[in-house]
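Notes follow the structure.
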Amino acid sequence: MLVAVNVAFRTDDAVRTDLVTNVVYLAVAAALMSLPVVKLERGRLTLTGIIAVAAAILLNPLDATLVSLLVGIENARAPWPLLGNSLTFALATSAGALVSVAMGGAHPPAFAGRVLVLLTVTLANLVLASVALGLLRRESPAAVFRHNVTASFFIAFGYFALAGLLISYVLDGSLLGYFLATIVCVLALALTDTIAGRRVRRVLESELSDADRHLFHSRAVEGVVHNLRNHMATALAYLKEIDPRKLESPDRESIETATDAANDAVAVLRDLAQGATPKVSYAPNPVDLNELVTRAVGMARSRARGKEVQLAMHEAPTDVGVKADPLLMREVMTNLLNNAIDAVSHGGRVDISTGRRNNGWPYVSVADNGPGISDDHRHHLFEPHFTTKEGGTGLGLFMSYGIVREHQGQLTYEGGRRGAVFTVSLPPFNP
């Protein structure tokens with residue numbers, strides 16, 4: 001399709017002759033601007049879009065295609081999306097370049113034409129990416145579009161628009177133009193680095209706050225349980241010293257009832273102690289997260305059918321073996337899935353996916369399209385007995401957080417008004 005577009009509109013390449021230095025400059029800038037990455041609520045932000053916009057405005061369709069192919073290649077972080085990512089960028093940029101030539105002929109268009117080129121590149125990118133991701137995730141392109149067009153997207157759109165337009169005006173083939181374009185790129189890189197640093201700091205502060213609160217409540221529970229178990233042990237010891245055979249029938253029944261109640265209380269306290277600090281029994285072999293997710297989804301289907309909730313599972317094609325207690329991790333997956341199903345409205349959607357992070361850690365992510373979690377509630381997520389569900393106990397997330405931490409992993413939350421995303425990251429299995 002990309003070749004067909006360039007062949008069909010090859011006359012536009014002859015209309016506008018590009019400076020080789022401009023093409024080389026934008027190609028090199030595409031590689032450099034792909035280095036910083038900022039994670040957003042859904043997806044990530046790179047600066048390659050700035051180069052795609054500038055290339056579409058300044059270059060003819062063929063040269064813009066070549067530069068945007070480099071943008072797509074540099075922007076791909078894994079082998080499998082390489083082709084699709086490159087073609088998406090190239091087709092969108094080619095469409096923008098065709099508009100640019102139509103509006104300006106041999107020279108870049110005026111301001112209104114450049115804005116139209118910018119809108120063309122952005123819209124084409126959104127449509128193509130939504131279709132590609134929809135096919136990959138087996139959901140409608142409209143749903144992908146709704147999930148990704150967030151406040152962060154509009155901020156990034158304005159960011160790319162301003163920088164891309166500035167570069168298109170200053171990059172005129174002169175040394176001063178290259179110098180000014182470089183300044184724009186450096187400023188964009190610096191701003192992105194600041195945004196990335198702030199986000200990382202915010203995430204770390206949030207995780208530290210979650211860990212502190214969980215540790216505080218766990219120690220409080222452990223302390224109470226420890227004291228109560230001591231008192232119950234004392235009471236049981238005295239009850240055992242009483243010989244029921246020496247008592248009258250009513251008194252004997254009372255002692256037996258009190259002993260049974262005390263034993264039940266000790267059992268409950270033992271369970272509470274294990275809940276506060278779960279005891280992990282690691283499996284001798286790697287635990288496959290894909291297998292855990294499959295079993296958890298199977299157990300949750302009945303609950304989902306009651307609300308006609310669509311469950312979508314996306315298994316990682318790569319190895320996602322972790323060092324874990326399979327029983328406890330199944331409990332975590334089940335808790336997260338049940339919470340997501342309860343959070344969405346009738347006919348909603350829950351996606352559970354596995355993969356590997358850049359640091360090599362396998363992860364499981366559960367995302368829903370429910371109302372999300374407010375900022376006020378966000379700070380109480382992993383506290384015991386905190387719940388927004390009617391009839392909920394508020395122990396599911398608390399227990400899950402403790403289990404994941406005992407595995408030396410992380411349970412994190414991301415989301416907003418468009419839904420919630422809970423992600424479990426675990427250390428890989430190392431024999």
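The values are calculated or read from the model by the stated rules, or taken from the named source; none is laboratory data. Every value quoted in this text rests on a predicted model; they were computed, and no experiment measured them. When we count neighbours, we look across all protein chains shown, and the Cβ atoms used for this are built from the backbone with ideal geometry, even at glycine.
Regarding residue 215, is this residue at pLDDT below 75 and either of a type in the set (Phe, Trp, Tyr) or on the phi < 0 side of the Ramachandran plot (or both)?
yes
Please determine, by comparing only the residues of segment 375-417 that are loosely packed, with under 14 Cβ neighbours inside 10 Å and farther than 18 Å from residue 341 by Cα, which one is modelled with the highest pLDDT.
Checked segment 375-417; the qualifying residue modelled with the highest pLDDT is 408.
So, of the residues in segment 104-146 that are under 18 Å from residue 348 (Cβ atoms), touching a helix residue (DSSP H, G or I) at 6+ places or on another chain (Cβ under 9 Å) and outside any loop (DSSP other than H, G, I, E, B), which turns out to be modelled with the lowest pLDDT?
For segment 104-146, the residue satisfying everything is 137.
Residue-wise test of (1) within 15 Å of residue 411 (Cβ to Cβ); (2) among the charged types (D, E, K, R).
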{"residue": "282", "(1), (2)": "no, no"}
{"residue": "291", "(1), (2)": "no, yes"}
{"residue": "322", "(1), (2)": "yes, no"}
{"residue": "328", "(1), (2)": "yes, no"}
{"residue": "334", "(1), (2)": "yes, no"}
{"residue": "342", "(1), (2)": "no, yes"}
{"residue": "346", "(1), (2)": "no, no"}
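Kindly establish whether residue 332 is crowded, with 20+ Cβ neighbours inside 10 Å, in the same structural domain as residue 419 (by TED's automatic domain parsing) and free of Cβ contacts under 8 Å to residues at least 60 places away in the same chain.
Taking the combined requirement at face value, the residue does not satisfy it.
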